[in-house]
1. Can you work out the Karplus-derived ³J(HN,Hα) for every residue in region 210-226? Use 6.51 cos²θ - 1.76 cosθ + 1.60 with θ = phi - 60°, whole Hz, and x for glycine or proline.
2. Amide H to amide H, which residues 5 or more places from Thr237 or on other chains are under 5 Å from it, using H placed in the peptide plane?
3. Compute the Rg/Rh shape ratio of the chain: radius of gyration over Kirkwood radius, all on alpha-carbon atoms.
4. Using all Cα-Cα distances in region 287-363, what percent lands in each 10 angstrom bin from 0 up to the longest?
5. Tell me the Rg and the Dmax, in Å, that the Cα atoms of region 117-217 produce.
6. Tilt of helix 23-49 relative to the longest C-alpha principal axis of the chain, in degrees (0 to 90, nearest 10)?
7. Over the Cα atoms of region 245-326, what is the Rg over Rh ratio if Rh follows Kirkwood?
8. Taking the Cα centre of region 117-217 as the origin and placing charges on Cβ (Lys, Arg +1; Asp, Glu -1), which of Gln188, Leu162, Ser124 is farthest toward the positive end of the dipole?
Amino acid sequence: MRIFSILTALVVTASLYMLVFERPALLTIAAAEKTVTKENTATVSGDATGLQSVAVVAVKSTAQRIDTAVLLRGQTEAARTVTVSAETSGRIVSPPLRKGTFVSEGQTLCQLDPGTREAQLAESEARLTEARARGPEAQARIAEAEARLTEAEINDNAASKLSKDGYASQSRVASTAAAMEAARAAVQAAKSGLESASSGVQAAEAALAGAMREIEKLTIAAPFSGLLETDSAELGTLMQPGALCATVIQLDPIKLIGFVPETAVSRVTVGAMAGARLASGEEVTGRVTFLSRSADPNTRTFRTEVEVANGDLAIRDGQTAEILIQSDGRTAHLLPQSALTLNDNGDLGVRLVSADDTALFAPVTVQRDTAQGIWLTGLDDVVSVIVVGQEYVIDGVPVTPTYRDADNDSASVESGR
């Protein structure tokens with residue numbers, strides 16, 4: 001133990017001596033070691049920048065012209081949906097039609113009890129006949145008044161001439177003049193009577209038309225051919241104006257409703273061919289019949305409608321549909337979906353083999369997904385796309401590509417699916 005204590009004291013003494021008396025020498029040695037460390041680090045960095053080439057698999061892809069389509073997700077909608085309501089009051093006297101029943105245009109849905117309306121119609125017809133009979137009577141009165149006016153004018157003329165020769169008194173002349181004025185007033189009164197008779201005829205005709213219209217309102221008919229979405233009003237129900245009789249929907253033709261994003265609205269035109277796949281797997285075709293000119297303020301999308309034939313009424317209102325609208329063709333590359341990757345910014349693209357055999361990221365836009373692969377745009381007409389190993393390289397990394405045929409690659413993608 002004493003020897004260990006002596007050795008420890010010697011080591012401590014030597015360390016203190018070096019720190020106090022030989023400090024410059026120690027600092028020089030430390031600086032030299034730091035320089036050696038930096039040189040080693042620089043050597044290591046130099047080795048890192050001289051990256052080894054990474055083996056990848058690539059395909060040479062040539063752009064092809066395809067018929068692009070705008071893909072929308074929407075739903076089916078009935079061509080017309082109408083709630084048929086009563087226009088007058090009355091009690092239902094017809095048996096109800098059950099929902100799901102096909103009705104033709106003009107078919108009776110609800111029949112109301114006429115009540116006293118038929119009697120009112122008969123009364124209106126009688127009043128019209130009476131009013132029309134007053135017309136000839138008024139015309140006869142006009143003829144009679146005009147004859148009396150002629151007679152009064154003759155008497156007045158004769159009295160005036162006799163008065164000039166002194167054979168008639170002034171009182172007689174005044175009497176004949178008064179009679180003539182009275183005859184003229186009678187003519188005016190007769191003409192007014194004729195106008196009153198004509199007005200009476202028009203009023204009677206209007207009353208008759210109103211009574212007939214009330215009779216027509218008793219029959220509530222289907223405005224078009226379609227299916228009943230609800231039962232018609234039950235027998236004995238008391239209807240008031242505006243009360244529901246039935247709801248009718250028209251499913252032939254049927255509409256496909258979708259909303260086009262503003263980035264694709266310029267590629268959609270009215271009259272363009274369109275196809276759709278329903279949730280049931282059924283595929284249908286039609287044409288675009290409407291494209292809104294005003295965007296939805298919330299989604300900034302534009303409503304579009306596609307009209308599809310539905311003669312067998314197999315397509316229902318409200319089914320989910322995947323809609324493809326045809327647009328002008330453009331060039332695109334058919335590549336396996338596995339070739340897609342993301343850069344550090346999260347952009348979707350592929351990695352290419354550049355002219356100097358280094359990796360290069362290129363952003364792309366997906367146009368269509370098929371069983372043979374995915375159609376991409378945004379690339380040059382001829383490119384070399386890395387399809388295996390793109391996740392292990394970044395831009396500028398040397399690569400050693402092994403090329404394989406693009407057709408075989410598409411076939412392998414299809415078999416893999």
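1. x, 5, 5, 5, 4, 5, 5, 5, 5, 9, 9, 10, 6, x, 7, 6, x
2. Ile92
3. Across the chain, the Cα-based Rg/Rh ratio is 1.52.
4. All Cα pairs considered, the percentages come to 12, 24, 23, 24, 12, 4, 0.
5. Values for region 117-217 (Cα only, Rg and Dmax): 22.4, 77 Å.
6. 50 degrees
7. Expressed as Rg/Rh, it is 1.00.
8. Leu162
Any read-out appearing in this document is the output of simple, stated calculations on the displayed coordinates, not a laboratory observation. Owing to the predicted nature of the structure, the values given are computational and were not obtained by experimental measurement. For neighbour counting, all protein chains shown are included, and Cβ atoms are generated from backbone atoms with ideal geometry for every residue, glycine included.
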